[in-house]
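A short worksheet on the structure shown next.
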Amino acid sequence: MSKPILRKPSDDLPAASEARPSDLPSADGRLADAEMARVLGTTPFQMALDSSGAGIAHWKHEPLHDVVEPMTHHVIMAYNGTMQRMERRTGRSVAIGTFRPGVVIIIPEGSSSRWDIPKPVDVVQLYLPHTMLERVAREADTASPIDLLERTGHPDPITSRLLLSAADSLEGNGALDTLFRHQLIDLLATRVLAAHSGSPTSFQPTTGGLAPKVLLRATERLRSDSDADVSLAALASDAGLSRFHFCRAFKESTGLSPHAWLRQYRLEQAMNMLRDTDTSVVSVAAALGYASQTAFAAAFRKLTGETPRDWRRRFR
C-alpha cells in the first residue's frame, strides 16, 4: 500500500489518559492497541481510535514469534502483504494458515495464542468491543448468541475489502473521516456477525426511507458548520432511530450513505468557492475542515480527476 490509510493518533485524538481507560492489563485483558504495540514492538503506521478503543489501525511489522495475551476487544485483521505460511498455537491446538490478500484473521476477545510468522507483515486491524457487537445485533433485531470464531487466514474477501477500503476513503477531514469510520465499523460488525460467529446471524433487509421532515433535519445537520456534531450517533439520535436503521433509511432516501452525501456536499461547496470567489486554495481547505491543503487537494482530485487549481483555471 503506497499511502497512509489513517491519520496518526496525535493528529486529532485526546491523550490516552484523558480519553480511554488505562492501558495496563485488567482481569479481562489489555486494550487491543496497547497489546498489539507490546507484542509487535513497534508503533502503527497509522491509527484512529474512539474513546472505547474501537477503531482501525494499519501495522507494518517484522516477523513475529511471541504470545498475544488476552485483549478486551475482538481483533479482526485484513492481510495486505505477500503470501506466507504461519502458525498459531492455542493451548494444545495448532492452526497452520496462509496469509494472503483476501483472507481475515480473528482473535476473539479474551483469547490468547502464540504466533509464529516468518516474514514481515502488512496488516489492517479492526478493534471491536463486544458491547458494539451486542449493539449492532440488537439494532438489527437479532437474538442470536454472539460468539466469534477464531480465524487464521480464513478466506473472506468481503470483510478484507471493507477493512482495506479505508485506504481510499479517509482523507484528512475530521467530520468526514469520523463519519466514515463509524459507518465502516458498524458495517464490519454486521459482516462479522453474519460470517464469523458460532451461530451465524441473518439480517432482515430493511425497507423504506426517512420521513421527509426527518430527512430534512438530517441533511440540515450535515450542511451545518464544522463545529456541529455530524457523528453517526448524533444523526441517528436526532432521527429517533438506531445507527443501523438510520444508515439504511438514509441511503434508501438519498441513494448515498451519510458519509458519501456529506463528501458530495463538501465537494460542491469547494467548487462554488473556487469558481465564484478569489479565496485561496489553502483557505478553501481550512473553511471545509481539511487538515491541510495537501489533504484537500488529494480528496478533490480523487473525486474530479483534477487539482483544485487546475479545476479553477478551467471554469473561470
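The values are calculated or read from the model by the stated rules, or taken from the named source; none is laboratory data. Since we're looking at a predicted model, the values are computed, not measured. Neighbour counts run over all protein chains shown; Cβ positions are idealised from the backbone, glycine included. Note: accessible area is taken over every heavy atom of the protein model, side chains too, but ligands, DNA and RNA are not part of it. Shrake-Rupley method; radii C 1.70, N 1.55, O 1.52, S 1.80 Å.
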Calculated from backbone phi, Karplus (6.51, -1.76, 1.60) coupling profile of segment 71-79 in Hz, x at Gly/Pro: 10, 7, 10, 6, 10, 10, 10, 10, 8
Computed helical MRE - 222 nm, the chain, DSSP H runs ≥ 4 contributing -39500 (n - 2.57), nearest 500: -13000 deg cm²/dmol
May I have the count of lysine pairs in the chain with C-alpha atoms under 23 Å apart, counting pairs 8 or more residues apart or located on different chains? 8
Would you tell me the accessible area of residue 147, worked out with a 1.4 angstrom probe on the heavy atoms of the protein chains, in Å² to the nearest 10? 100 Å²
Using a simple spin-label model with points 7 Å from Cα along the Cα→Cβ vector, what separation in nm is obtained for residue 216 and residue 269? 2.2 nm
Scoring only Lys, Arg, Asp and Glu (+1, +1, -1, -1) among other residues with Cβ under 14 Å from the Cβ of residue 116 yields +2
Non-local amide H neighbours of residue 156 (under 5 Å, H modeled in plane, Pro and chain starts lacking H): which ones? 103, 104
Under the Karplus relation with 6.51, -1.76 and 1.60 and θ = phi - 60°, whole-Hz ³J(HN,Hα) for segment 237-247, x at Gly and Pro, equal 4, 5, 7, x, 10, 6, 4, 4, 6, 4, 4
Projected convex hull area of segment 219-288, Cα atoms, direction-averaged, in nm², equals 4.9 nm²
Between segment 73-147 and segment 230-285, the Cα center-to-center distance that results, in Å: 32 Å
List the residues whose amide H sits under 5 Å from the amide H of residue 148, counting only those 5 or more places along or on another chain, with H placed 1.01 Å from N in the peptide plane. 198
Of the options 43, 245, 162, report the single residue whose Cα projects farthest towards the positive end of the charge dipole of the chain (beta-carbon charges: Lys, Arg +1; Asp, Glu -1). 162
Residue 43 to residue 100: extension gain in nm, 0.36 nm per residue of separation minus the Cα-Cα distance? 18.3 nm
How large is the charge dipole for segment 159-316, taken about the Cα centre, if only the Cβ atoms of Lys, Arg (+1) and Asp, Glu (-1) carry charge, to the nearest 20 debye? 380 debye
From phi via Karplus (6.51, -1.76, 1.60), per-residue ³J(HN,Hα) for segment 262-270 in Hz, x at Gly/Pro: 5, 4, 5, 5, 5, 5, 5, 4, 4
If amide hydrogens are placed 1.01 Å from N in the peptide plane, which non-local residues have theirs closer than 5 Å to the one on residue 81? 122
Please report Rg (one decimal) and Dmax (integer) in Å for the Cα set of the chain. 20.7, 70
